[in-house]
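The values are calculated or read from the model by the stated rules, or taken from the named source; none is laboratory data. Keep in mind the model is a prediction, meaning the values are calculated, not measured. No Cβ is skipped: glycine too gets one built from the backbone with ideal geometry, and neighbour counts run over all protein chains shown.
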């Protein structure tokens, strides 16, 4: 593994998301170095990046990048006309955009402690996703509005979210938006200290949507 691997992965996480970057790196490393390469990736970076650690362990058990289909999430959201997305996971966000009904506006809260280049993120997402500042997203509230946050867990035990969700959630948000949906993009257990993530109660959300 190259000495600049941590820097490269940090940049990928900031602009792709933890799960998206982890699956990408596992796929590329496995193609170049096989299963031992994935184990080495976990050894080098897993303690710093708990989602990567979990995905490397899942890869070792035979898991591969899951197909991402947002049709179930859109069905759960119903007849919303505005959706605020909290967090950044490009594999899942791209799927959300691909299934977006034409009449629905999608907004992405521009907040991350990983300091992505938001201009580059917006350029990659295109015009289908509108940028929202942290102090202005509540302007999208309404009886046909929803908030979708990416969450990380195995569907049974602990549930983790990004710090962005903690900044967004609260009693006022629950009353202002019709639905607060956690979209679980990990579905495998996190076994190391969940750095970068915050444990959150399931009661933070009105509904949970699980990835395949």
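Entry remark, the range 124-145: residues being in a strand (DSSP E or B) and farther than 19 Å from residue 74 by Cα number 2 in total.
Of all residues in the range 144-161, exactly one satisfies the criterion of being modelled with pLDDT of 95 or more and either surrounded by fewer than 16 Cβ atoms within 10 Å (Cβ to Cβ) or out of contact with any strand residue (DSSP E or B) (no Cβ under 6 Å at 6 or more places or on another chain) (or both), namely 144.
Each row is one residue, and each column tells you yes or no for (1) modelled with pLDDT of 95 or more; (2) surrounded by 18 or more Cβ atoms within 10 Å (Cβ to Cβ); (3) within 19 Å of the chain's Cα centre (by Cα); (4) farther than 27 Å from residue 137 by Cβ.
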site: 56; (1), (2), (3), (4): yes, yes, yes, yes
site: 59; (1), (2), (3), (4): yes, yes, yes, yes
site: 66; (1), (2), (3), (4): no, no, yes, yes
site: 80; (1), (2), (3), (4): yes, yes, no, no
site: 84; (1), (2), (3), (4): yes, yes, yes, no
site: 89; (1), (2), (3), (4): yes, yes, yes, no
site: 96; (1), (2), (3), (4): yes, yes, yes, no
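I'm trying to understand the selection: among the residues of the range 179-207, which are in contact (Cβ under 8 Å) with a residue 40 or more places away in the chain, in a strand (DSSP E or B) and buried (at least 19 other Cβ atoms within 10 Å of the Cβ)? Passing the criteria: 181, 183, 197.
Is one or more of the residues making up the range 22-32 surrounded by 15 or more Cβ atoms within 10 Å (Cβ to Cβ) and farther than 27 Å from residue 182 by Cα? Yes, because at least one residue in the range 22-32 is surrounded by 15 or more Cβ atoms within 10 Å (Cβ to Cβ) and farther than 27 Å from residue 182 by Cα.
The single residue among 126, 139 that is at pLDDT 95 or above and out of contact with any helix residue (DSSP H, G or I) (no Cβ under 7 Å at 6 or more places or on another chain) turns out to be 139. For the condition farther than 24 Å from residue 190 by Cβ and modelled with pLDDT of 95 or more, residue 51 does not qualify. The one condition from (1) surrounded by fewer than 20 Cβ atoms within 10 Å (Cβ to Cβ); (2) free of Cβ contacts under 8 Å to residues at least 40 places away in the same chain that residue 115 does not meet is (2).
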